[in-house]
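Working notes, beginning with the structure itself.
FYI, it's all coordinate maths here, none of it is from the lab. What you are looking at is a predicted structure, and each value in this text was computed from that prediction instead of being measured. So basically every Cβ, Gly included, is an ideal-geometry build from the backbone, and we count neighbours across all protein chains shown.
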Amino acid sequence: MQELISFKTQADITPINRTQKKSGSDIIQALNKVSAYFPMENEEKKKKYLSQMIYRIDLLKIKKGDIVFELGATDAFQAAVISEMGAQVVVVSSYRSALMERLATIPRIAKNQIQVFAQDQIVKAGSLAPFDKMIIAPEVSNIPVEFYGLLSINGDMVITSDHTDNPTILHVKRTGETSFDTKKKTGLVNRSASYDVFDL
């Protein structure tokens with residue numbers, strides 16, 4: 001029998017400041033403020049990437065003061081946008097060093113607004129739960145059942161299946177101690193076409 005992961009409080013990490021939630025900040029405005037730090041040469045690839053990012057963030061209905069957990073990030077772009085919207089972000093990534101270097105180039109981001117953990121520090125990151133929102137990247141092939149318990153009641157989680165033009169996304173809402181409502185959505189690029197208004 002597989003041993004369950006235990007997310008106990010860790011003494012050597014920065015505690016989360018749980019402030020009162022406020023109405024959501026504008027996604028496009030936040031994106032425009034940080035996009036200059038994440039240049040992309042391929043215009044078509046950039047448009048698809050940003051459309052999918054905006055769609056995921058919009059599904060979560062992020063509010064200022066939210067605590068957002070991101071697992072499997074390959075870059076710091078999404079975390080930077082969410083931080084600019086006024087949320088605190090806890091990131092677990094195999095590319096921690098690269099993410100930290102990139103975030104260091106963005107003067108507007110407060111040091112305590114984004115915490116980045118390496119993949120082998122996932123228990124430390126999980127000890128900061130409960131999280132109001134969670135984002136699971138396509139790079140995460142197996143999601144331990146314990147991760148659902150990290151989500152706060154009435155919290156939202158999005159799980160993206162892959163990086164194709166027509167990926168599937170699971171939108172999970174925790175409705176009680178042991179109850180979750182899951183909806184499957186497809187065609188992110190087409191569905192997010194209405195968000196294609198960023199000034200980049």
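For segment 27-195, the extents of the C-alpha atoms along the principal axes are 44, 35, 28 Å, listed from largest to smallest. Neighbours of Ala118, meaning other residues whose beta-carbon lies under 12 angstrom from its beta-carbon, give a summed charge of +1 when Lys and Arg score +1 and Asp and Glu score -1. Summing Lys and Arg as +1 and Asp and Glu as -1 over all other residues whose Cβ lies under 10 Å from the Cβ of Phe38 gives a net charge of +1. Highest-first packing order for the peptide set 47-54, 144-151, 179-186 is 47-54, 144-151, 179-186, based on the mean count of other beta carbon atoms within 10 Å.
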